[in-house]
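Each value in this text was obtained by applying a stated rule to the coordinates, not by laboratory testing. Since we're looking at a predicted model, the values are computed, not measured. Backbone-built Cβ (ideal geometry, glycine too); neighbour counts: all protein chains shown.
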Amino acid sequence: MTYCNRCGEEPEFELRQCDECGLLLCENCFPLGNLVCKVCEQARKDKTLHIYGQKMWHSPVYIVGSEMALCALISAIYQALRTGLGSTSAFVSDGEGYDIFVKLDNRLAKDWNWAVPYIDEIAQDDVANGKIKYPWEVFQQK
């Protein structure tokens, strides 16, 4: 007989595997109809973080998140300060997860090759010169 990996109980029905944590769980820990187990579902709620980028020049950036998500972001920033790179993951309030990458680059103010982060089309870079660096390209090199 196999027991629930989380609570240790003998299951009334067949154990199911959570797609996120991979544990084999009973119906109490992983209710039928759920896409993920109770613990993973709560972790998603606890690490909810929305980062709203600048629309254009001088526009504010807004960061809204749960305490756990903001602490994870701080930890990724500290990691980048110590090692040059930091990362964490978070969730949008609709349950979709995403990764956050933080890079230490002291040359950023002098290096005009980085793409500007504005989301409004009027403020975006002219990519005709071909020298613009995008963060996803830099992080893929690591």
Rounded to the nearest 20 Debye, what is the dipole magnitude of the stretch 11-73 about its Cα centre when Lys and Arg each give +1 and Asp and Glu each give -1 at the C-beta? 400
Per GNM of the chain with C-alpha springs under 10 angstrom, the most fluctuating residue out of 107, 82, 16 is 107
Relative contact order computed over the stretch 1-44 (Cα-Cα under 8 Å; 6+ residues apart), in percent: 30
Excluding same-chain pairs closer than 8 in sequence, count the lysine pairs in the chain whose Cα atoms lie under 28 Å apart. 18
Label point distance in nm, residue 116-residue 52, each placed 7 Å from Cα along Cα→Cβ: 2.1
Per the C-alpha gyration tensor (a ≥ b ≥ c, the square roots of its eigenvalues), the stretch 69-117 is rounded if a/c is under 1.5, else prolate if a/b beats b/c, else oblate; here it's oblate
Of the candidate values (i) 1.04; (ii) 1.13; (iii) 0.98, the one computed for Rg/Rh (Cα atoms, Kirkwood Rh) from this structure is (ii)
Report the extension gain between residue 89 and residue 106 in nm, rounded to one decimal, defined as 0.36 nm multiplied by the number of residues separating them, less their alpha carbon distance. 3.7 nm
Simple Cβ-charge dipole of the chain, Lys/Arg +1 and Asp/Glu -1, about Cα centre, in debye nearest 20: 780
For the chain, what is the percent of antiparallel DSSP beta bridges, rounded to the nearest 5? 85
With DSSP loop assignment and no more than 16 other C-beta atoms within 10 Å, the chymotrypsin sites (Phe, Trp or Tyr not before Pro) in the stretch 20-115 are 57, 112
As a test of the formula, what do you get for the chain when each DSSP H run with n ≥ 4 contributes -39,500 (n - 2.57) and the sum is divided by the residue count, at 222 nm and rounded to the nearest 500 deg cm²/dmol? -7000 deg cm²/dmol
Choice from 25, 49, 85 with maximal GNM fluctuation in the chain (Cα, 10 Å cutoff): 25
Euclidean distance of C-alpha centroids, the stretch 47-61 and the stretch 67-86, integer Å: 18
Just want to confirm a number: the relative contact order over the stretch 47-140, from Cα pairs under 8 angstrom separated by 6+ residues, in percent. 25
